[in-house]
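The values are calculated or read from the model by the stated rules, or taken from the named source; none is laboratory data. A quick note: this is a predicted structure, and the numbers were derived from the prediction, not measured. Here the Cβ positions follow ideal geometry from the backbone for every residue, glycine too, while neighbour counts run over all protein chains shown.
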Amino acid sequence: MLRRLLRRLSPSPPNPSPPPLPADWRGFDRDTLHHFDAPELPLQPHGMAVPSYALRTEAGTGDLAMFLGIGEAWAQMVARFLPDEPVVLDLGCGCGKLARFLHLNPRLRYVGVDIFLPGILWCRRAFAGSADRFRFEHFDGYSATYNPDGRIAVTDYSLPAADASVDVVVCSSLFTHLLEADAIHYLGEIARVLKPGGQAFISVHNAVAPGERWRGDEERIDLDEDYFLELCAMSGLIAEEPIGEVYGQVVHRLRNSVASRGR
Ligand SMILES: C[S@@+](CC[C@H](N)C(=O)[O-])C[C@H]1O[C@@H](n2cnc3c(N)ncnc32)[C@H](O)[C@@H]1O
């Protein structure tokens, strides 16, 4: 009786927190997903799987509410600007934070690209039922943070899309991790694959001191926004709208101004 009363008075235990990751969890075997196979949410009928805490952590935040909130916020923002049968390229797609929401549009075709192999392998498996319209490409590019064994320089990589074939390129929290030379190369590639008038959504961090243009390493890059928009313009990507801050990053909407590249 007393025990029952005490139990009623004591607060219920908090939800169990995700199991701690081993200190060397980034040193996983890159051909296996087993470190990443511990989802908290079971797969629901006709639902899209939710990636594990470890995968989400590598893509910016392990927190489930943040993962879902950021994905939804980006999907709502991008969806407003999509044409009828859109082709979307998600550069630095991580473990499908945005793809899970874009997938709800049955007319949308999507290619996700990332240098982090476990995220790509997970997405291929999770989206296997829609492989005809959702494609995930791994690129073994070098990044001290995200792919330290990568064998290809980012500046040597061509995006896996034909010239002028994509309506919208999304870079959600990618340029917040790119060295300047890699960013410049990607801007050129984004302009190449976008259709004339196609759009890019790019988020950045902008905490630089006066006179500073690019600061940090691949853990976190901050840049001067005026300089960044100049680089965009040099690639033919013209600033259409400073959308504002989305979950702590400033998002820019840019339009491909190149009418025809003579190809
Ligand atoms: C902070 S995460 C964001 C992932 C995803 N866009 C999202 O919002 O969940 C940054 C992602 O960029 C990827 N990345 C970093 N450098 C890259 C590069 N040079 N090319 C392609 N992807 C890269 C990382 O592997 C990681 O998945």
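So which residues in segment 220-250 are over 30 Å from D63 (Cβ atoms) and charged (D, E, K, R)?
D226, E230, E240
Counting only residues that are of a type in the set (S, T, N, Q) and crowded, with 18+ Cβ neighbours inside 10 Å, which one in segment 159-184 is farthest from the ligand (Cβ to nearest atom)? Lay out the reasoning, then the answer.
Going residue by residue through segment 159-184, those that are of a type in the set (S, T, N, Q) are 165, 172-173, 176.
Within this subset, residues satisfying the condition of being crowded, with 18+ Cβ neighbours inside 10 Å are 172-173, 176.
Working: S172: 4, S173: 4, T176: 7 Å.
In this case the residue turns out to be T176.
From the list L89, L55, which one is within 12 Å of the ligand (Cβ to nearest atom), over 18 Å from I243 (Cα atoms) and assigned to a helix (DSSP H, G or I)?
Working: L89 fails: assigned to a helix (DSSP H, G or I).
L55 is the lone residue from the list that is within 12 Å of the ligand (Cβ to nearest atom), over 18 Å from I243 (Cα atoms) and assigned to a helix (DSSP H, G or I).
Consider only pairs whose beta carbons are under 7 Å apart and that are at least six residues apart or on different chains; among these, list those whose first residue lies in segment 110-125 and is on the phi < 0 side of the Ramachandran plot and near the ligand (Cβ under 9 Å from one of its atoms) and whose second residue is at pLDDT below 90 and part of a helix (DSSP H, G or I).
Qualifying pairs under 7 Å: F116/E58; G119/L55; G119/E58.
What's the number of the only condition in (1) within 14 Å of the ligand (Cβ to nearest atom); (2) over 23 Å from E40 (Cβ atoms); (3) not charged (D, E, K, R) that P83 fails to meet?
Among (1) within 14 Å of the ligand (Cβ to nearest atom); (2) over 23 Å from E40 (Cβ atoms); (3) not charged (D, E, K, R), the lone unmet condition for P83 is (1).
Among the residues in segment 227-244, are any closer than 25 Å to G141 by Cβ, within 20 Å of the chain's Cα centre (by Cα) and among the β-branched types (V, I, T)?
No, every residue in segment 227-244 fails to be closer than 25 Å to G141 by Cβ, within 20 Å of the chain's Cα centre (by Cα) and among the β-branched types (V, I, T).
Can you find a residue in segment 141-158 that is more than 11 Å from the ligand (Cβ to nearest atom) and of a type in the set (S, T, Y)?
Scanning segment 141-158, I find at least one residue that is more than 11 Å from the ligand (Cβ to nearest atom) and of a type in the set (S, T, Y), so the answer is yes.
Only one of these conditions is not met by G244: (1) assigned to a strand (DSSP E or B); (2) touching a helix residue (DSSP H, G or I) at 6+ places or on another chain (Cβ under 8 Å). Which number is it?
For G244, the failing item is (2).
Does F127 qualify as being over 13 Å from the mean Cα position of the chain (by Cα) and within 21 Å of F67 (Cβ to Cβ)?
So F127 fits the description; yes.
Inside segment 116-140, can you point out the residues that are surrounded by fewer than 21 Cβ atoms within 10 Å (Cβ to Cβ) and assigned to a strand (DSSP E or B)?
Within segment 116-140, R135, E137, H138 qualify.
Return the total of residues in segment 185-204 being without any contact (Cβ under 8 Å) to a residue 60 or more places away in the chain, surrounded by 22 or more Cβ atoms within 10 Å (Cβ to Cβ) and more than 15 Å from the chain's Cα centre (by Cα).
2
Between a residue in segment 54-66 that is under 15 Å from G92 (Cβ atoms) and any residue that is more than 10 Å from the ligand (Cβ to nearest atom), which pairs come within a Cβ distance under 6 Å, given they are 6 or more apart or on different chains?
L55/F36; L55/W122; R56/G62
Exactly one of these conditions fails for V113: (1) in a helix (DSSP H, G or I); (2) touching a helix residue (DSSP H, G or I) at 6+ places or on another chain (Cβ under 9 Å). Give me its number.
Of the numbered conditions (1) in a helix (DSSP H, G or I); (2) touching a helix residue (DSSP H, G or I) at 6+ places or on another chain (Cβ under 9 Å), the odd one out for V113 is (1).
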